[in-house]
Each structure stands twice: as C-alpha cells, then as structure tokens.
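Heads up, the thing below is written out as structure tokens.
What follows is calculated from the coordinates using simple rules that are stated; it is not laboratory data. Remember, predicted model here, so these are calculated numbers, not experimental data. Because the Cβ atoms are built from the backbone with ideal geometry, glycine has one as well, and the counts that use them run over all protein chains shown.
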Amino acid sequence: MPAAKRRFLSDLWKLTKPYWKSEERLKSGLLLAVIVGMSLGIVYLNVLFNEWNNLFYNSLQEKNIDAFFRLFGRFTILATMFIIVAVYQIYLRQMLQIRWRRWLTQRYTERWLTPHNAYRLRFEGGLTDNPDQRISEDINGFVEQTLSLTLGFLESVVSLVSFSVILWNLSGDIHILNLPIPGSMLWAALVYAGVGSLLTHYIGRPLIRLNFFQQRYEADFRFNLVRVRENAEAIGLYGGEDQEGRGLVERFSHVVANWWGIMRRQKRLTWFSAGYSQAAIIFPFLVAAPRYFSGAIHLGGLMQTVSAFGHVQSALSWFIDAYTRLAEWKATVDRLTGFEAALEDLDTHSEAGLTRQAAPAGAGMALRDVSLRLPDGGTLLAGASLTLPPGERVMLAGPSGCGKSTLFRAIGGLWPYAAGELAMPEHERTLFLPQRPYLPIASLAGAVAYPDPPERYGTDKIATALAACGLPHLVDRLGEERHWSQELSVGEQQRLGFARAILLHPRWLFCDEATSALDEASEKTLYGLLVDRLPDTAILSIAHRPALAAFHHRVARFVPAGEGAAWRLDESPLAAPQPVPA
Ligand SMILES: Nc1ncnc2c1ncn2[C@@H]1O[C@H](COP(=O)(O)OP(=O)(O)OP(=O)(O)O)[C@@H](O)[C@H]1O
C-alpha cells in the first residue's frame with residue numbers, strides 16, 4: 001500500500017477510534033449494528049426484486065394474467081418492506097451521526113478551551129487556521145462522510161458479490177478464438193465499470209486539493225467579514241470602508257479563482273460520468289441481446305440480466321459516484337488531523353512558558369530569572385526577578401513595546417516563549433484587567449461578574465460595585481442582554497473592569513493600562529477605590545502615567561539591557577511607602 005494511503009488510513013483510525021472506545025460505544029455500537037443490518041436487508045430486497053423481474057416479464061411475455069396479478073401482489077409486499085427499511089435506515093443513520101458529532105464537538109471544544117490553548121494555537125503554524133471551522137464544519141463533514149462512505153462501501157461490496165453470482169448464472173458462454181468463456185455478462189460489467197473507475201480517478205484527482213483550498217478561502221473570507229462587522233465603528237471613523245472593501249474583494253477573488261478551478265475540473269468529470277452513466281443504460285441490452293434473439297433466454301431472463309448488470313455496474317461504480325466525496329473526505333480528515341496534531345503539540349510543547357511552583361504560605365508571588373522571547377527567537381527580556389508580597393502594590397513601567405504585557409501573558413500562562421520560575425500561592429484568586437476588559441454578550445450583570453456567574457454575587461452587590469466605579473446610570477440595566485463592548489465607551493468599559501475587580505475581590509490583581517482611557521482625576525478615584533476596597537490584594541500595574549506611582553509601594557522598570565537581550569528589569573523602591581492620596 002502506498003505511504004500516502006497508509007497515512008490516510010492511520011489518520012482516519014486515529015480520528016475514529018476515540019468515539020468507538022468511549023462510554024457511548026455500547027449504545028452507538030448497537031445503533032450501528034441495526035443500521036448495517038438494514039443496509040444488508042436493502043441488498044437482500046434488491047436480490048428479491050431482481051428475481052421478481054424474471055417472473056414478472058415472463059408473465060407478460062406469456063400473457064399469463066394470474067401470474068401477473070400474483071406478482072403484482074408480491075411487488076407490493078416487497079416495495080412496502082423496502083420503503084420501511086429505507087426510511088428507518090436513513091433515520092437511524094442520522095441519529096448516530098448527531099450522537100457522534102455531539103461527542104466529538106464536545107471533545108474538541110474542551111481541548112481547544114483547555115486553559116491557554118485557544119491563545120497558544122496561534123503560534124502553531126499553518127494547519128490550525130480557523131479552529132471555528134474545524135469544530136463546526138469539519139467535524140460535521142467528517143462524521144457524515146465517514147458514515148455514508150463506509151456504509152455505502154459495505155452495501156456496494158455485498159451487492160457486488162450477490163449480483164455477480166446472479167449474473168454469472170444468467171450469462172452464457174462467449175467464444176473467443178473458439179474458446180468458450182463463461183460468465184460473459186459478468187466480465188462485460190467488470191470491464192465496463194473497471195475502465196470507468198480508472199478514468200474517473202484520473203480525471204477527478206485534482207479536486208482533492210481544490211476542495212481543500214476552497215474551504216480555506218471561504219473561511220478566510222467569512223472571518224474578514226466578521227472582523228469588519230466587529231470593527232464597524234473604527235472603520236467608519238477612519239473612513240476605511242473603501243480599503244476594507246478592497247481587502248474583501250481581494251479575499252473573495254481567491255474564492256472565485258479556486259471555484260473556477262473546481263468548475264473546470266468538475267465539468268471534465270461530468271462530461272465523462274454523464275456519458276458513462278447514459279451508456280450504462282443501453283450497454284447491457286446490447287451485450288445480452290444476441291442470447292435473447294437466439295431464444296437462449298426469455299424476456300424475463302433478459303430483464304433480470306439487465307437489472308443484475310445494473311446492480312453490479314452500480315456497485316463497481318460506487319467508487320466513481322463517491323469520487324468527489326472521497327476527495328472531500330480526505331480533505332476533511334487532513335484538516336482535522338492537522339488540528340488534532342496542533343492540539344497534541346500544545347500538550348507536549350517544549351515551549352512550556354514559565355516553570356510554575358506553589359509559593360510557601362504567606363510568601364507571595366515571585367518571578368525568578370525570567371526571560372521572554374519573541375516567536376522569531378529574539379530576546380525581549382532577560383534575567384528578570386520580582387517579588388510581590390501579599391497586599392503589596394508594584395507599578396511596572398517601561399517604554400512602549402518593551403514587553404510589559406508579554407510579561408503578564410507569561411504570568412497568566414499564555415506566552416510559551418518564556419523561561420524562568422514563577423512562584424504563586426495556590427488556590428488564591430488571580431484577576432487580569434487588560435486595557436479593554438473582555439465583555440461577553442450577556443446580561444450586564446453577567447458581563448460584570450465574568451467569568452463567575454452573576455448569581456454568585458446577586459444584583460445588589462453588582463449594582464453597588466457599578467455605582468462605586470462611576471456607572472450608576474447602568475444599574476437599572478443589569479438584566480439587559482447586549483453586545484456591551486460595542487455599546488459602552490472605552491472609559492466605561494474600563495470602569496466596568498474595576499467594578500469586576502471589586503466584586504470578584506482577587507488576592508492577586510494584574511492591571512495592564514486599565515485606566516488608559518480615563519482622565520487623571522477618574523484614574524485616581526478608581527485606584528483609590530481599589531486600595532480602599534481591596535486592602536489585602538496585591539496589585540501589579542502596568543501604567544505610563546507617573547501620577548499612578550503614588551498608589552504603589554515600588555516601581556519596577558524595563559530598562560535597556562546590555563548585549564543579548566533588549567531589556568532587563570530594574571527595581572527602584574519609592575523613597576517611602578506611598579500614602580494613598582485622599
Ligand atoms: N503574538 C505575538 N507575536 C509576535 N510578536 C508579538 C506578539 N505579541 C507581542 N509581540 C511583540 O512583543 C513585543 C512586546 O509587546 P508587549 O505588548 O508586551 O509590549 P508592551 O510593553 O506591553 O507595550 P505597550 O506599552 O505599548 O502596551 C512587541 O514588539 C510586540 O510586537
């Protein structure tokens with residue numbers, strides 16, 4: 001077996017195995033067994049229909065009205081059975097499909113949302129673009145294609161064997177160079193479908209790559225549409241619509257160009273496959289006609305032969321009919337395997353970020369000999385150490401782009417390109433307040449309490465926190481569900497972030513320019529509130545305005561380093577512990 005095929009089968013097995021070994025295996029196994037039984041039942045019914053053909057057309061030829069009506073009755077019974085089996089076979093298959101899809105979706109969503117994976121996946125390279133598409137479309141496609149292709153394969157094989165036997169028995173000998181060759185109809189069907197399969201394979205092969213790229217271009221285009229929707233305000237204010245429009249047209253041109261490739265290839269394939277299936281209607285009559293006209297078989301035998309030929313040919317042509325879907329299936333398996341590999345890689349990544357340790361009780365947070373790198377290998381920061389005892393407040397200062405936020409990412413476990421130690425007290429709440437706090441599309445109460453459920457605090461506490469942070473006008477809207485990050489001003493969002501901090505009362509608070517959009521007076525009020533309401537909370541604040549130093553005990557600065565790294569951390573205690581300004 002060629003290496004590519006072996007790899008495909010092993011990828012397929014790797015994606016399929018977990019479900020069939022899961023806790024759902026018994027119920028779904030039973031369901032699959034019933035579906036397989038029904039597929040075999042359909043083939044059996046087709047065999048009975050085929051025999052019926054012989055008797056029915058003979059009754060017509062012989063003008064035997066009794067036999068005609070008896071066979072009419074038999075047809076009714078067979079057709080009823082066929083309809084029932086066909087309906088339930090599809091119904092149960094769809095039931096199995098949604099069970100399998102639900103399980104896989106849950107598994108991949110959980111792995112994607114394993115702490116920090118969703119962020120770190122961006123460093124994993126090309127195969128992990130658009131995880132949303134992997135989780136929604138590809139899992140669905142994979143389950144649907146795997147079930148329909150494997151069951152179709154089973155049906156085709158069983159049908160091929162059954163009707164080959166029938167065709168063999170119905171065929172007479174043909175003579176080639178005076179040698180009698182038995183099973184002429186079977187050989188004719190095999191040669192006809194075999195040649196067809198090979199030609200289809202040859203013509204349709206490029207569709208695999210084309211379909212893979214089509215899905216990628218469609219997803220890129222959709223993603224950029226969503227970005228424009230999310231940033232409509234900024235785009236409108238810059239007057240960037242033209243620029244965005246050009247970008248979208250450019251992305252859509254990839255969709256169109258690739259689609260033309262698919263169309264051209266599909267056209268070639270359809271030229272062939274449409275001609276091929278038309279020829280298949282008349283071909284068996286041509287092959288069987290000599291025996292009919294010579295009287296070797298009756299009309300019933302001719303019709304049964306033609307019908308059996310049709311079944312053998314369609315079973316053999318299964319590969320032809322399924323060609324495009326096989327190509328799509330392989331593309332889906334490739335994409336999911338890439339996603340799976342990237343997630344696995346994250347689990348075993350050598351770039352594990354800071355080494356985390358539990359700090360001894362009462363010792364506080366400590367960074368030891370920390371260095372930060374960029375994905376391209378350049379060193380941002382080297383040899384940094386910093387302690388943050390419980391309840392102490394330290395300001396982190398430094399020029400733009402020196403790596404302050406990256407240090408926060410490393411502390412939060414997001415940044416993989418970091419080395420050194422981080423000691424943190426265990427089981428104590430940590431909260432990060434970025435410049436724009438993340439606001440879920442939820443009730444305002446839910447947005448304030450995020451990531452906790454609002455019920456944990458109750459409306460009164462949430463309202464008090466909001467009012468204290470200068471948002472009393474929002475208190476009446478706590479139950480409203482809105483896209484809050486599009487509605488509130490950036491300053492209001494920052495105030496909401498402080499309300500969240502007061503509500504969640506973390507022991508460790510990391511503020512990354514959390515008051516950058518506020519005027520100095522409001523900034524002072526909010527910091528004063530933090531110090532007042534959270535006196536036992538240790539705070540590490542990234543801030544540019546020197547006035548904020550007054551709310552901290554120490555300042556740690558990013559200062560230019562010597563060779564090898566861009567920056568180092570320099571601690572400068574403030575002259576005296578700062579009194580909190582009134
Ligand atoms: N995902 C990323 N991939 C590559 N480089 C990155 C990534 N994130 C940050 N950087 C780079 O790391 C450097 C430090 O960025 P960082 O956001 O930590 O700066 P900062 O000190 O917080 O700046 P500012 O004060 O402007 O917020 C910058 O040069 C930035 O371009």
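Net charge dipole, the chain: roughly 1500 debye, given to the nearest 20, about the Cα centre with Cβ charges of +1 for Lys and Arg and -1 for Asp and Glu.
Note on the chain: dipole from Cβ charges, positive end direction compared against ALA442, HIS311, LEU407; the farthest Cα belongs to HIS311. For ALA442, the residues 5 or more places off, or on other chains, whose built amide H falls under 5 Å of its own are ARG482, TRP484. Check each of the trypsin sites (Lys or Arg not before Pro) in the stretch 56-105 and keep only those in coil by DSSP with at most 13 other C-beta atoms within 10 angstrom; list them in order. Those that pass, being in a loop and sparsely packed, are LYS63. Taking GluC sites (Glu not before Pro) as exposed when DSSP calls them loop and at most 12 other C-beta atoms lie within 10 angstrom, the chain has its longest site-free stretch at 24-425.
Amide hydrogen proximity for VAL555: with H placed 1.01 Å from N in the peptide plane, the residues at 5 or more positions away or on another chain lying under 5 Å are MET395, SER572, LEU574.
Summarised in one figure, the compactness ratio Rg/Rh of the chain, Cα atoms and Kirkwood Rh, is 1.16.
The long axis of helix 65-112 is offset from the longest Cα principal axis of the chain by roughly 20 degrees.
Packing here is the average count of other Cβ atoms within 10 Å per residue, and on that basis the peptides 302-312, 535-545, highest first, run 302-312, 535-545.
Residue-wise HN-Hα couplings along the stretch 448-455, as the Karplus relation 6.51 cos²θ - 1.76 cosθ + 1.60 with θ = phi - 60° gives them from phi, are 5, 7, 3, x, 7, x, x, 4 Hz; Gly and Pro carry x.
The angle separating the long axis of helix 490-504 from the principal Cα axis of greatest extent in the chain is about 80 degrees. Neighbours of ALA468, meaning other residues whose beta-carbon lies under 11 angstrom from its beta-carbon, give a summed charge of +2 when Lys and Arg score +1 and Asp and Glu score -1. Here the stretch 355-573 is assigned +1 on the Cβ of each Lys and Arg and -1 on the Cβ of each Asp and Glu. Its dipole about the Cα centre then comes out at about 220 debye.
Amide H to amide H, with H built 1.01 Å from N, GLY353 comes under 5 Å of ALA418, counting only residues 5 or more places away or on other chains. Each label was represented as a point 7 Å from its Cα along the Cα-to-Cβ direction; for LEU9 and PHE252 these points are 4.5 nm apart. For the stretch 433-490 and the stretch 172-224, what is the centre-to-centre distance using only Cα atoms, to the nearest Å? Spelled out, the Cα-based centre of one part sits 60 Å from the other.
When the charge dipole of the chain is built from unit charges on Cβ atoms (+1 for Lys and Arg, -1 for Asp and Glu) and taken about the Cα centre, the candidate among PRO453, ALA549, HIS116 whose Cα reaches farthest toward its positive end is HIS116. Rounded to the nearest 0.05, the FRET efficiency derived from the C-beta distance between ASP532 and ARG107 at R0 = 35 Å is 0.15. Compared with the dominant Cα axis of the chain, that is its longest principal axis, helix 139-170 is turned about 10°.
Descending by average beta-carbon neighbour count within 10 Å, the peptides 168-177, 34-43 line up as 34-43, 168-177, the highest first.
A dipole drawn for the chain from +1 and -1 charges on Cβ atoms has a positive end, and of VAL161, PRO2, PHE213 the residue lying farthest that way is VAL161.
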